[in-house]
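So the structure is just underneath, and the comments pick up after that.
Where a number appears in this text, it was derived from the coordinates with a stated rule and is not lab data. Note that the structure is predicted; figures quoted are calculated from it, not measured. Here the Cβ positions follow ideal geometry from the backbone for every residue, glycine too, while neighbour counts run over all protein chains shown.
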Amino acid sequence: MRKSRVAAALGAILATGLVVLWVRGPGGAEQAAAPAPPMVLAAPVVVQDHTPRSTYTGRLTAVETVDLKPRVSGYITEVSVPEGQIVRRGQILFRLDSAPFAARHAAARAATREAEARLGLAQAEDVRARRLVAEGVAARERSDVTTATLREREAQVASARAAERLAALDLRYAGVEAPIAGRVGQILVTRGNLVAGGETATPLTTIVSVDPLHVEFDVDEATYLRSLADRRGQGSETKVGVRLEDGSTRSARLDFIGNRLDRATGTIRARAVLPNPGGRLAPGLFAEVDVATDKARSAILVSDLAIGVEQGRRFVLVLGAKNMTEYRPVTLGPVVDGLRVIETGLKPGERVVVKGLAGPGMAVKPKVVPMPRGNGVQREAAR
C-alpha cells in the first residue's frame with residue numbers, strides 16, 4: 001500500500017513538471033499565447049479627376065413678368081382667364097364692351113372720307129388754276145392759293161387717317177390679350193366692373209413666363225475673382241448645376257454676372273438660365289447652385305466610413321508595412337459621387353481601413369475590398 005502511494009505521488013509531480021515546462025518552455029522562459037490580429041476591411045484610395053466647386057443658395061425667377069392691365073377704359077363683358085394655367089401669346093383673356101369703340105371708329109372713318117373728298121376738290125382746283133395761269137388768263141396768285149389749299153387738305157386727310165387708326169386700335173384693345181406666353185395668375189377683376197386704362201390702368205391679372213427660368217444667386221468676392229471674373233461673355237460655355245428642394249438636379253447655363261460688388265454683403269449677383277419644359281417649376285422656388293471654381297485636377301477620394309474624429313481633427317488609418325496601421329491626419333474636401341475628397345494627408349496607392357476594430361500602431365489582418373459607396377461595406381462584410 002505504501003509503495004502504491006509513493007508511485008502516485010511521483011506521477012503527480014512528473015505531470016506537474018511537464019505542465020510547467022510547457023508553459024515556461026525550454027530554458028524556463030515564459031511564453032504567453034499572443035492574440036490573433038483583428039480582421040478589418042481595407043480599401044485602396046480612389047484617384048480620379050475632380051473639379052473644385054462651390055455651392056450657393058439661389059432662387060428661381062421668371063424671365064418675363066407682366067401685370068396685365070387694359071389699354072382703354074370700359075366695362076368688362078367677358079372673362080376667359082384659365083387661372084393657374086399656361087396661356088399663349090395673343091390669347092384673349094378679357095373683353096370690354098366694344099360698342100363705344102366701334103362707334104368712334106365709324107365716326108373716324110367718316111371723317112376720313114370727308115377729308116378725302118375735300119382733298120379731291122382741292123386737287124382739281126389746283127390743276128385748273130395752274131392751267132389758267134399758264135394760259136395767262138389768271139394771275140399767279142390764284143395758283144398759289146389753290147396750292148396752299150391743296151397742301152392743307154392733304155394734311156387734313158393725314159390727320160383723319162391717323163385718328164381712324166387710333167380708333168381702330170381702341171376697338172382692338174377692347175379685347176385684352178396676353179402679351180407673353182406663360183402661366184396666368186388669379187383673376188383680380190370680374191365681369192361687369194368698370195376698369196380704367198392709360199396711366200391709372202386697373203390691374204386685371206398677372207402672367208409669368210415659365211420656360212426658361214432664371215436662377216439668381218450671390219457669389220462671394222473670392223470665388224468671383226478666382227473663377228468668374230474672366231467668364232464674362234462666355235455664358236454659353238459655363239454650366240452650373242441646380243439642386244432643388246426635392247433633391248432633383250438640373251443643368252443650367254450662366255448668362256449674367258453683375259457689374260459691381262455689394263459692399264454690404266461682399267457678394268456679386270450672378271444668374272443662370274434653367275430650362276423648364278412643361279412649366280413644372282415655378283418662380284420663387286429655392287435652389288442650390290453648384291459652380292465650378294477651378295479647373296479639373298487629379299484628386300484622392302475615400303469613403304466617409306474611413307474617416308475618424310479625434311479632438312476635432314479628422315484622420316484615417318493607413319495600412320503600413322507588415323499591415324501595421326498608421327495614424328494620418330487629413331483635410332477634407334467636398335463629396336463627389338458618394339466619396340469624400342481628401343485635400344491633404346493621403347497619397348495614391350495607399351490603403352485605408354474602412355471597417356473594423358483597430359487603432360493606430362496595431363497589427364491587423366486586412367481584407368482588401370473596393371472603396372465602398374453608401375452601404376457597400378455592409379454588403380462586403382456579409383460575404
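Across the chain, the relative contact order, built from alpha-carbon pairs under 8 Å that are at least six residues apart, equals 26 percent. Between A222 and R88, the contour length at 0.36 nm per residue exceeds the Cα-Cα span by 43.9 nm.
When shorter helices are ignored and each DSSP H run of at least 4 residues is given -39500 (n - 2.57), the per-residue value for the chain at 222 nm works out to -9500 deg cm²/dmol. Kirkwood radius, the chain, all distinct C-alpha pairs, inverse of mean reciprocal distance: 30.6 Å.
Seen against the Cα atoms of the chain and their longest principal axis, helix 140-173 is set at about 40 degrees. Solvent-free Debye calculation, one equal scatterer per alpha-carbon of the stretch 71-149: log10 I(q)/I(0) at 0.11, 0.12, 0.13, 0.26 Å⁻¹ equals -0.57, -0.60, -0.63, -1.11.
Using unit Cβ charges (K, R positive; D, E negative) and no other charged atoms, how large, in debye to the nearest 20, is the dipole of the chain about its Cα centre? The partial results should precede the final answer.
Values: 54 positive and 41 negative charges, 406 e Å.
Dipole size: approximately 1940 debye.
The distance between label points at D144 and M324 comes to 12.2 nm (points 7 Å beyond Cα on the Cα→Cβ vector). From most to least packed by mean Cβ count within 10 Å, the peptides 312-319, 186-193 give 312-319, 186-193. For the Cα atoms of the chain, what angle does the longest principal axis make with the long axis of helix 2-24, in degrees from 0 to 90, nearest 10? It is inclined by approximately 40 degrees. Calculated from the alpha-carbon coordinates, the stretch 128-287 shows an Rg and a Dmax of 30.5, 96 Å respectively. At an R0 of 22 angstrom, the distance between the Cβ atoms of D97 and E177 translates into a FRET efficiency of 0.85. The percentage of C-alpha pairs in the stretch 238-383 whose separation is greater than 27 Å is 45%. Label separation (R313 vs E199): 7.3 nm, computed from points 7 Å beyond Cα along the C-beta direction. Derived scalar couplings between HN and Hα for the stretch 361-367 equal x, 9, 7, 10, 10, x, 10 Hz in order, rounded to whole Hz, by the Karplus curve 6.51 cos²θ - 1.76 cosθ + 1.60 (θ = phi - 60°), x for Gly and Pro. Of the residues G333, Y224, G185, the one whose Cα sits farthest toward the positive end of the charge dipole of the chain, with +1 on the Cβ of Lys and Arg and -1 on the Cβ of Asp and Glu, is G333. Between the amide H of I342 and those of I300, L301, V302, G333, distances stay under 5 Å, these residues lying 5 or more places away or on another chain, with hydrogens modeled in the peptide plane. The lysines within cross-link reach of K355, meaning a Cα-to-Cα straight distance under 25 Å and a gap of 8 or more places when in the same chain, are K322, K347, K365, K367. Across the stretch 294-302, rounded Karplus estimates of 3J(HN,Hα) from the backbone phi angles (6.51 cos²θ - 1.76 cosθ + 1.60, θ = phi - 60°) give 7, 6, 5, 8, 6, 9, 9, 10, 9 Hz, Gly and Pro being marked x. Summing Cβ point charges (Lys, Arg +1; Asp, Glu -1) relative to the Cα centre of the stretch 208-292 gives a dipole of roughly 220 debye. FRET efficiency for the R130 to E152 pair, using the beta carbon distance and R₀ = 25 Å, is estimated at 0.90. Annotation: average projected area of the stretch 170-244 is 9.3 square nanometres, based on the convex hull of Cα atoms across all directions.
Between 0 and 90 degrees, the angle of helix 99-135 with respect to the longest Cα principal axis of the chain falls at about 50 degrees. Taking amide H positions as modeled 1.01 Å from N, with prolines and chain starts lacking one, the residues under 5 Å from R328 and 5 or more places away or on another chain are V316, V318.
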